[in-house]
Each structure stands twice: as structure tokens, then as C-alpha cells.
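This report refers to the structure that appears directly beneath it.
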């Protein structure tokens, strides 16, 4: 696809988003339970936030209103565009084709190195209104094979993504999620039948890394990866950060875990880190990525380097 054609299609898809989301665009959340004192507990992700009245959970987009939990961003997107599917990155799923990509705001992590922190950590950002029906209709008009839910964490946009994914599959379209994998098993298993592919960011095989750098935990991500492998196409990404997860021991441990739990044919993407958000460590040396590649290729068939 030529640059001129791609630019024209990008403008077309931006026109799908026609108006700002308003405060009236609330949608009752799935996966929560009511507690005493008008409190609720969100059961979507492993944080399982207990949320008092008029407050939101960690992700910033699920709010307790009068003892019920609502999604604040159901109809809201921060960005919609056309991308090569390889940009997700997915190298073994509809290679060479274009996918409609969109995201919202918020995240159930707060990674110090987040490349999209302007939307993942900023709850005051203006959202543009879109419905699942508009998204599917525009994707079909553009002739794309499917939709990628990306940019911020799509699992905290769960209600919209679930509805859109069902409609997309019923219309012969594929669904892709680019995710941190931090989701409880029940909501994961509900949405998986509608997904064709996922790229999951496995940040480190170190719970202290998840706790101190991302404000999360490792084990639920590993469980997600193992569950997904049996249900749809899976590729894994590891962002290599100097001094945090760049040792040979880490690369060996990561490779061994993927080989043992998801198989030698699981594509692994090592991605180069650049300073961003709260982390100002210098960029990852190319030599480090090459070393990771050589270690992983001893056991895995498909290893790639990104951001190089």
C-alpha cells in the first residue's frame, strides 16, 4: 500500500469518530460484586480493587457510582488508525496486511517506562465517541481483515472490546489484543473465543520487577500466556531495559519458560527500550539485543528484534 493511499484511509477512519464522549456515556461494568457500605469490588483483573462510592479503581476508568461499578470509557477512544499488523507486533498472523488499531485510556499497571503514558496514565484526556457498530462498519468499508485493540491496556476497556469483538467475528473480521496480560481467568476465558491473536508483553520473569517497576505481579501474566496459547495465535514481547532485565541469566530464564510452557514455535520479540515517562536510563545497546537474540534462538524457532 502506498503512503498516499494509506494516508487517505487513515483520514477516512478518523472520521468514524464524530463527537466527544460525554459524562452520560456510562456503561455498567461486568465482573464486579457489591459490598456493604455502597462499596464494590472489581473482579476484572488480579488487583481486585475494593472501590468506595464516587471513586475509581487503580486503572482510573471503572468507577463506583451509587454502589454500582461503571465503565467510564466504554464509548471513548483516544486514537484510531491504520497499521501494518507487524507493528503490533505480530509477524505470523495475516502478514503484510493492514489492521484497524484503536485504544482508549487508563491501565491496570503504572510502568515507569511506559511509551504511551499520555493515555495510559492520564484520566483527564479528551475521549472521542465511538460505538462498536461504527467500528465494525468502518473496518469493513476500509477492507481490513480485522481490528487491533491496543495503545493503552485493552483489558480495562473490557466491555467495549467484548462487544466489538463479538460483532467483528460475526462479520467475518479478526480481533487482535496487544496487552500486558493482567486479567483474571474468568473474563479472559469469556473473551478468548472471539480473538484470533494476542501479543502479550512479558516484562520480566521477576516478580520484584513487576512489583517495583510496573505496580503489578508476575504470576497472573504467566497464567494468561499459558491459557491463551491453547486458544488463539500468540506472540510474546519482552522490552529489554539496561540494568533491570538485560542479563544473560534473564534471557535464558525467559527463553526456557516460553519453550517449556508455550513451545518452540512461539514467536518472541525482543524490543529496544528508549527513555520515557519516569525512567531515564539510556537506550538499550544494540549489542544487548543481539546477545538476547542469540540466546533465545538456541531453543526458539522465531526470534525478532524490534525498535532497532
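Read-outs throughout are calculated quantities, based only on the coordinates presented, and are distinct from any laboratory measurement. Keep in mind that this is a model prediction, so the values were computed, not measured. Note that we place each Cβ from the backbone using ideal geometry, even for glycine, and neighbour counts take in every protein chain shown.
Volume per residue of the convex hull around the Cα atoms, evaluated for the stretch 22-71, comes out as 64 Å³. Taking label points 7 Å from Cα along the Cα-to-Cβ direction, residue 274 and residue 222 give a separation of 3.3 nm. If R0 is taken as 25 Å, the Cβ-Cβ distance between residue 294 and residue 95 corresponds to a FRET efficiency of 0.55. If R0 is 22 Å, the Cβ-Cβ spacing of residue 50 and residue 230 corresponds to a FRET efficiency of close to 0.10. May I ask what percent, to the nearest 5, of DSSP beta bridges between residues of the chain are antiparallel? Of those bridges, close to 50 percent are antiparallel. The ranking of 141, 85 by Cβ neighbour count inside 10 Å, starting from the fewest, reads 141, 85.
Nearest 0.05, what FRET efficiency do residue 208 and residue 248 give at R0 = 25 Å with Cβ-Cβ as r?
On the way: r = 19 Å, r/R0 = 0.74.
Efficiency, rounded to the nearest 0.05: 0.85.
Report the relative contact order of the stretch 22-71, percent, no decimals, based on alpha-carbon pairs under 8 angstrom and at least 6 residues apart. Can you show the working numbers first?
Working: 90 pairs, mean separation 16.7, N = 50.
Averaging sequence separation for qualifying contacts and normalising by length gives 33 percent for the stretch 22-71.
Note on the stretch 263-279 and the stretch 99-120: Cα centroid distance 15 Å, given to the nearest whole angstrom.
In nm², what is the average projected area of the convex hull enclosing the Cα atoms of the chain?
Details: hull surface 61.6 nm².
Spelled out: convex hull of the Cα atoms, projected over all directions, averaged, 15.4 nm².
Just rank 258, 213, 176, 125, fewest to most, by other beta-carbon atoms within 10 angstrom. Please report the intermediate quantities before stating the final value.
Working: 258 25, 213 21, 176 28, 125 16.
The fewest-first ordering by Cβ neighbours comes to 125, 213, 258, 176.
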